[in-house]
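Okay, so here's the structure we're looking at.
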Amino acid sequence: MSYFGKKVTYKGVQYDSQKECDFYKRYLEHSKKRVEVHQRFKLIETFDACGYRMRGIDYTPDFVIYDADGSMLHVYDVKTSINPQGTDTSAKVRFKLFTLKTGMPVEVVVPRANDFKMTMFGWTVNTMLDKHVHYDRHGKMKINKDNGQPVYDHYNVYRDINYNIHEIVGW
């Protein structure tokens, strides 16, 4: 969900931001997979507490991709930054609850001109994501001042959605 983005309508579907719409156009529209936009999932049902009703918790990912037999392939949440600070804590909690309930991790994606970055938050180790050496804008490898080792980014870069998330997380 975009707090600052302007809603965009494309082919009768409303997207939360232009970035979200662009991700759909570039990577999902022609994928030949079934794409659900803003499909709602009930994570926690409404319940009684102290004589009152407590609201449940829903999660609405930006995109859910299904294969021909109806199995979930990808659950995408489009953000403007791959940085963990760019995603609020309540969203990260929803990602974890969604993964607990469905067994599918939420893939946080940031579309770029010719590809998109993808990461998943909340894991105890980041070894499942390829480590990519970070380069500055001049093409020089960034070096950690404390230990002299290269600085790594914990995300993957993709040009299409034809990758298997189960191979990445080992399920």
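The values are calculated or read from the model by the stated rules, or taken from the named source; none is laboratory data. These numbers come from a predicted model, not from an experiment. No Cβ is skipped: glycine too gets one built from the backbone with ideal geometry, and neighbour counts run over all protein chains shown.
What the table shows:
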quantity	calculated
Residues located in the range 114-140, provided they are in contact with a strand residue (DSSP E or B) (Cβ under 7 Å, 6 or more places away or on another chain) and at pLDDT below 85	Asn126, Leu129, Asp130, Lys131, His132, Val133, His134, Tyr135
Output for the range 78-113, where each listed residue is more than 23 Å from Arg159 (Cβ to Cβ), touching a strand residue (DSSP E or B) at 6+ places or on another chain (Cβ under 8 Å) and of a type in the set (Lys, Arg)	Arg94, Lys101
Members of the range 113-161 that are part of a loop (DSSP other than H, G, I, E, B), touching a residue at least 12 places away in the same chain (Cβ under 8 Å) and of a type in the set (S, T, N, Q)	Asn114, Asn126
Residue check for Gly103: exposed (fewer than 12 other Cβ atoms within 10 Å of the Cβ), without any contact (Cβ under 8 Å) to a residue 24 or more places away in the chain and among the small types (Gly, Ala, Ser)	no
Test set (1) in contact (Cβ under 8 Å) with a residue 60 or more places away in the chain; (2) not in a strand (DSSP E or B) - Ile65 fails condition number	(2)
Output for the range 41-62, where each listed residue is of a type in the set (Phe, Trp, Tyr), surrounded by 14 or more Cβ atoms within 10 Å (Cβ to Cβ) and out of contact with any helix residue (DSSP H, G or I) (no Cβ under 6 Å at 6 or more places or on another chain)	Phe41
Sole residue being farther than 19 Å from Gly103 by Cβ, touching a Pro at 6+ places or on another chain (Cβ under 9 Å) and surrounded by 15 or more Cβ atoms within 10 Å (Cβ to Cβ), chosen from Val35, Val78	Val78
Subset tally (residues that are farther than 14 Å from Asp62 by Cα and out of contact with any Leu (no Cβ under 8 Å at 6 or more places or on another chain)) for the range 88-99	7
Condition check for Pro105: more than 19 Å from Gln18 (Cα to Cα), in a loop (DSSP other than H, G, I, E, B) and not small (Gly, Ala, Ser)	yes
Search result, residues across the range 17-35 that are outside any helix (DSSP H, G or I) and either touching a Phe, Trp or Tyr at 6+ places or on another chain (Cβ under 7 Å) or small (Gly, Ala, Ser) (or both)	Ser17, Ser31, Lys33, Arg34, Val35
